[in-house]
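These notes are about the structure you will find just below.
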Amino acid sequence: MQVSVETPTGLERRLTITVPAASIDTAVKSRLQQLAKTQRINGFRPGKVPVNVIKKRYGQAVRQEIAGEVMQQNFYQAITQEKITPAGMPSFEMKTDEDGKDLEFVAAFEVYPEVEVKDVEKIKIEQPVVEISDKDLSNMMDTLRKQHATYKEVKRKIKKDDKVTMDFVGTIDGEEFEGGKAEDFVLELGQNKMIPGFEKPIIGSKTGEEVISDVTFPEDYHAEALKGKEAQFTISIKKTEGLNLPKVDEEFAKLFGIEDGNIDALNDEVRKNMQRELDQTLKASVKEQVIAGLLEKNVIDLPKALVEQEVNVLRDQAKQRFAQQQGGKVDNMPELPAELFEENARKRVSIGLLLGEVIKTNELKVDAAKVDALIQTAASAYEDPQEVIEYYKSNDELTQQMNNVALEEQAVEVLLEKAKVKEVKKKFDDIMNKQA
């Protein structure tokens, strides 16, 4: 076997591989002899068909089959010999394939780029420092109370968080428009479910009153005819219901799994959950900054094959999400264009190559303790954490996923040690609201 290597551009490689005629002809002859023993042809006894008859009938097909096998085998021998690592499957082009002549073919493919992670020390990271205060805990308890609140009809002035039943009619330039009218419409104030400004005149009014709401439809409104238009709604208030918040007592505590109804135990559990969510949010924030800095300082060539593979992965994931929304039916879903996913795919491939180089350069190995911690953190959000932990450890695919996450986090930690990190005090609400 003879091999020559060309580099047309960047990451592209072309191997011209020549295989001696004797090895091809011998393989073809052997395959034809095997066929002669098994083929049934009129006029000949089974197993007694002359090879020249078999060759006349099957010779071309057999040679194509052998050529395909030879190209595959010799390609892998060639890349091993030349110490080349393809970044995707090759395309083969046959140059010469005739009886008695050397078989010559070209294999075209891309290789992985040479990655050198640089300028990590120039990456600037803002490390939030956050403490959960008693006020934060009190606010969270109020949120939990609202989640379990009931509504009770009231006769006072309407406030934010009230539930209002109303009739309304919308007009533009004095004319009613389609979709702008409703009867017995129920609206929970403060949820921002209506056009900006719609709720403003309702707050402070009372049941039985009529108010006027002047609004402007957003430019990105879903109805083309209403985009950017000024409208007026005449609203008739028919019923007002106020939030009836539950008391923080034993019964309330039992709603959250505190069997003895102890309020201090409830506070401890809520604070623990807040801390877990905060820790995860802070870790994600720092990781996002590290990755963004890494990408900014290290722009690398990407093999088209890897980007295409990642596009297909993202497209499949989008299709699966759509299937879940449609009850598993995706028969009529059109093929989403690759352009929708290319930017994200390129980013993901870049991250994978750069973090892979960090892992290789620093000889990182999976930290079993970190894997256990990740699994325990994931499991802590469930009612029976131990059951979830055992499920993870009994599932090879989930375990491998956690191994990959742990290794990625270890790589980020290495980068974080070298980056410029500045601690900044932040409030709990600011961090969590930003996440939302």
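The values are calculated or read from the model by the stated rules, or taken from the named source; none is laboratory data. Keep in mind it's a predicted model, so treat the numbers as computed, not measured. Positions of Cβ are backbone-derived with ideal geometry, glycine not excepted, and every protein chain shown enters the neighbour counts. Heavy atoms of the whole protein, side chains included, go into the accessibility calculation; ligands, DNA and RNA do not. Shrake-Rupley method; radii C 1.70, N 1.55, O 1.52, S 1.80 Å.
Here are the numbers for the structure shown:
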{"item": "Qualifying helices (runs of 4 or more DSSP H) (wholly inside the stretch 377-436; at least 1 residues being under 27 Å from I359 (Cα atoms) and open to solvent by 90 Å² or more (accessible area, probe 1.4 Å))", "result": "385-394, 396-418"}
{"item": "Condition check for I195: among the β-branched types (V, I, T) and open to solvent by 50 Å² or more (accessible area, probe 1.4 Å)", "result": "no"}
{"item": "Given (1) in contact (Cβ under 8 Å) with a residue 60 or more places away in the chain; (2) not in a helix (DSSP H, G or I), index of the condition L336 fails", "result": "(1)"}
{"item": "Matching residues, the stretch 23-49, being open to solvent by 70 Å² or more (accessible area, probe 1.4 Å), part of a helix (DSSP H, G or I) and not hydroxyl-bearing (S, T, Y)", "result": "K29, Q33, Q34, K37"}
{"item": "Those residues of the stretch 78-115 which are open to solvent by 60 Å² or more (accessible area, probe 1.4 Å), over 15 Å from R14 (Cβ atoms) and under 26 Å from the mean Cα position of the chain (by Cα), in sequence order", "result": "Y112"}
{"item": "Flag if M71 is assigned to a loop (DSSP other than H, G, I, E, B) and either modelled with pLDDT of 90 or more or polar (S, T, N, Q) (or both)", "result": "no"}
{"item": "Cβ-Cβ under 6 Å pairs, at least 6 apart or on other chains, the stretch 50-72 side open to solvent by 100 Å² or more (accessible area, probe 1.4 Å), far side aliphatic (A, V, I, L, M)", "result": "K55/L32"}
{"item": "Selection from the stretch 330-348 of residues that are touching a helix residue (DSSP H, G or I) at 6+ places or on another chain (Cβ under 7 Å) and either at pLDDT below 80 or not basic (K, R) (or both)", "result": "V330, M333, L336, A338, F341, E342, N344, A345"}
{"item": "Residue selected from the stretch 123-170 under the condition aliphatic (A, V, I, L, M) and assigned to a strand (DSSP E or B), by the criterion farthest from A284 (Cα to Cα)", "result": "V169"}
{"item": "Failed item in (1) open to solvent by 40 Å² or more (accessible area, probe 1.4 Å); (2) touching a strand residue (DSSP E or B) at 6+ places or on another chain (Cβ under 9 Å); (3) not acidic (D, E), with V130 passing the rest", "result": "(1)"}
{"item": "Failed item, numbered, when L353 is tested on (1) in contact with a Pro (Cβ under 9 Å, 6 or more places away or on another chain); (2) under 30 Å from Q275 (Cβ atoms); (3) in contact (Cβ under 8 Å) with a residue 60 or more places away in the chain; (4) open to solvent by less than 60 Å² (accessible area, probe 1.4 Å)", "result": "(2)"}
{"item": "Among (1) touching a strand residue (DSSP E or B) at 6+ places or on another chain (Cβ under 6 Å); (2) modelled with pLDDT under 85 - the single one P50 does not satisfy", "result": "(1)"}
{"item": "Residue, most open to solvent (accessible area, probe 1.4 Å), within the stretch 270-281, restricted to residues that are closer than 11 Å to M140 by Cβ and of a type in the set (D, E, K, R)", "result": "E277"}
{"item": "Residues satisfying the stated conditions in the stretch 285-322, i.e. part of a helix (DSSP H, G or I) and charged (D, E, K, R)", "result": "K287, E288, E296, K297, K304, E308, E310, R315, D316, K319, R321"}
{"item": "Out of I158, I258, I172, sole residue that is touching an Asp or Glu at 6+ places or on another chain (Cβ under 8 Å), in contact (Cβ under 8 Å) with a residue 12 or more places away in the chain, open to solvent by less than 50 Å² (accessible area, probe 1.4 Å) and of a type in the set (A, V, I, L, M)", "result": "I172"}
{"item": "T9 free of Cβ contacts under 8 Å to residues at least 12 places away in the same chain and among the hydroxyl-bearing types (S, T, Y)", "result": "yes"}
{"item": "Count - residues of the stretch 65-92 that are of a type in the set (V, I, T) and farther than 17 Å from T16 by Cβ", "result": "2"}
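Each row is one residue, and each column tells you yes or no for (1) under 28 Å from M89 (Cβ atoms); (2) at pLDDT 80 or above.
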{"position": "Q2", "(1), (2)": "yes, yes"}
{"position": "T9", "(1), (2)": "yes, yes"}
{"position": "R13", "(1), (2)": "yes, yes"}
{"position": "Q33", "(1), (2)": "no, yes"}
{"position": "Q39", "(1), (2)": "no, no"}
{"position": "G43", "(1), (2)": "no, no"}
{"position": "P46", "(1), (2)": "no, no"}
